[in-house]
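Peer 1: What follows is a structure written as structure tokens; I'll ask about it next.
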Amino acid sequence: MSESTDRIDKAESLLSELEQIESHLSTLQRGLTRSHRLATLGTLAAIVAHEFNNLLTPIISYSQLAKRYPDDIELLRKAADKTLRNAERAAKICSSMLDFSRDSNEAVDADVAKVVDEVFICMAREPRKDGIELELDMEADVHVAIGPLGLQQVLLNLALNALDAMPRGGRLEFVLRVENHDGGPEQVIDVRDSGPGVPPEKAERIFDPFYTTKEDGTGLGLSISERIVEEHGGFIEVAPAADGACFCIHLPAGK
């Protein structure tokens with residue numbers, strides 16, 4: 001075997017090993033993304049349990065009243081209406097959380113307004129109950145080039161981080177805007193909060209894997225969010241803000 005042939009064989013062997021490593025890394029990344037999604041659901045468990053208790057309490061109370069006064073038609077109607085309304089909300093929360101927990105081969109196209117709605121359904125508890133003023137500034141039927149599940153994971157992570165930063169209440173904003181570039185229009189989703197903000201020295205490392213400012217944090221949420229966005233041709237950044245924090249998600253426009 002000539003020296004040239006030997007070098008070619010070694011190069012091909014090395015390329016094959018690199019392809020196997022890349023495939024293995026891709027599998028690990030997908031597993032890590034799913035694990036983080038399930039961990040996020042675990043974070044939501046206490047919130048959901050509390051909210052379910054709030055939904056079940058009036059259902060039980062009205063059911064007991066209906067049993068006690070079976071001839072009061074007006075009371076029975078109110079009991080049925082209250083029970084149905086709360087049961088439907090509980091079912092919607094469960095459905096949203098189950099969808100979020102599943103892997104999906106979804107189309108790469110998401111309606112931003114619908115995904116934001118799903119984020120807060122999945123969170124179950126309305127922010128105003130914790131003194132959070134929620135502001136949504138976006139048009140309906142605006143699509144971005146990323147799957148709904150991926151976008152929901154990114155936005156849910158940012159929303160939970162924002163709520164953690166405002167334990168005594170504050171303001172949380174989701175703003176959708178358009179930036180025009182040579183490559184065409186780009187949709188930008190700003191997630192702003194009125195918390196303590198991100199100091200410049202921390203902003204430089206905020207997306208690094210395992211870097212966290214929380215005592216019980218894993219440092220994976222923002223890193224995974226950044227990777228999800230970049231896989232779809234976009235990027236995420238910490239933008240300067242007069243007060244609080246502002247994360248900007250840049251994504252190509254969808255269909």
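Peer 1: About the Cα centre, and with charges only on the beta carbon of Lys, Arg (+1) and Asp, Glu (-1), how big is the dipole of the stretch 106-252? Nearest 20 debye, please.
Peer 2: 500
Peer 1: For a Förster distance of 45 Å, can you work out the FRET efficiency between the beta-carbons of Ile21 and Ile60, rounded to the nearest 0.05?
Peer 2: It comes out at approximately 0.20.
Peer 1: How far apart, in nanometres, would the label points at Ala241 and Glu204 be if each is projected 7 angstrom from Cα along the Cα-to-Cβ direction?
Peer 2: Distance between label points: 2.1 nm.
Peer 1: What FRET efficiency do you get for Asp137 and Asp72 if R0 is 45 Å and r is their Cβ-Cβ distance, rounded to the nearest 0.05?
Peer 2: That pair, Asp137 with Asp72, gives E of 0.45.
Peer 1: Which FRET efficiency value, to the nearest 0.05, do you get for Arg85 and Asp109 by plugging their Cβ-Cβ distance into 1/(1 + (r/R0)^6) with R0 = 41 Å?
Peer 2: 0.80
Peer 1: With a cut-off of at most 14 other beta carbons within 10 Å, and DSSP calling the residue loop, which chymotrypsin sites (Phe, Trp or Tyr not before Pro) in the stretch 174-214 qualify? Please list them.
Peer 2: Taking the stretch 174-214 and a limit of 14 other Cβ atoms within 10 Å, the loop chymotrypsin sites (Phe, Trp or Tyr not before Pro) found are Phe210.
Quick note: the coordinates plus some simple rules give every number you see, no bench work behind them. Worth saying up front: this structure is predicted, and the values here are computed from it rather than measured. Every residue, glycine as well, gets a Cβ built from its backbone with ideal geometry; the counts of neighbours run over all protein chains shown.
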